[in-house]
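Colleague: Below you'll find the structure I mean.
Only the coordinates and a few stated rules stand behind these numbers; no lab work does. Because the structure is predicted, anything quoted here is derived from the model rather than measured. Every residue, glycine among them, receives a Cβ derived from its backbone with ideal geometry; neighbour counts consider all protein chains shown.
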Amino acid sequence: MRSATAGSGTNPIESVRQSAKRQRIPVVLDTVELVAILEVLVMFTGLRSSDLLALKWSDFDFKKMEFWVRSITRLMAQACCLEL
């Protein structure tokens, strides 16, 4: 079924209610900044790589300058068999 506005030169999405606009622009880290943060965490906290990979933003409290290690990521290596 075609709309009455199809082909009339109007944009049909203009009649759709738009969601609320963001109150502030989110801060996005680039790759260099993210690597620097991860390096600091490893050097000064002694976190294992599995602990580091399991961190989520909800584990950080930036006001108190604290973070929690709540879970670890299990890194599984597959055994490789060689036949001689």
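Colleague: Under a 5 Å amide H to amide H cut-off, with H placed in plane at 1.01 Å, what residues pair with Leu55 once short-range neighbours are removed?
Modeller: none
Colleague: Packing-wise, with mean Cβ within 10 Å as the measure, how do 38-46, 51-59 rank, highest first?
Modeller: Highest-to-lowest ranking by the protection proxy: 51-59, 38-46.
Colleague: Sequence neighbours fewer than 8 away in the same chain don't count; with that in mind, list the aspartates and glutamates whose C-alpha is under 14 Å from Lys56.
Modeller: Of all the aspartates and glutamates, those that pass the test against Lys56 - Cα under 14 Å, at least 8 places apart if same chain - are Glu66.
Colleague: Next question, about the same structure. With each label point set 7 Å from Cα along the Cα-Cβ vector, what nm distance links Thr31 and Thr45?
Modeller: With each label placed 7 Å out from Cα toward Cβ, I get 2.3 nm.
Colleague: Please give the net charge around Phe67, taking every other residue with its beta carbon less than 11 angstrom from that of Phe67, where Lys and Arg add +1 and Asp and Glu add -1.
Modeller: Charge balance in the 11 Å sphere: -1.
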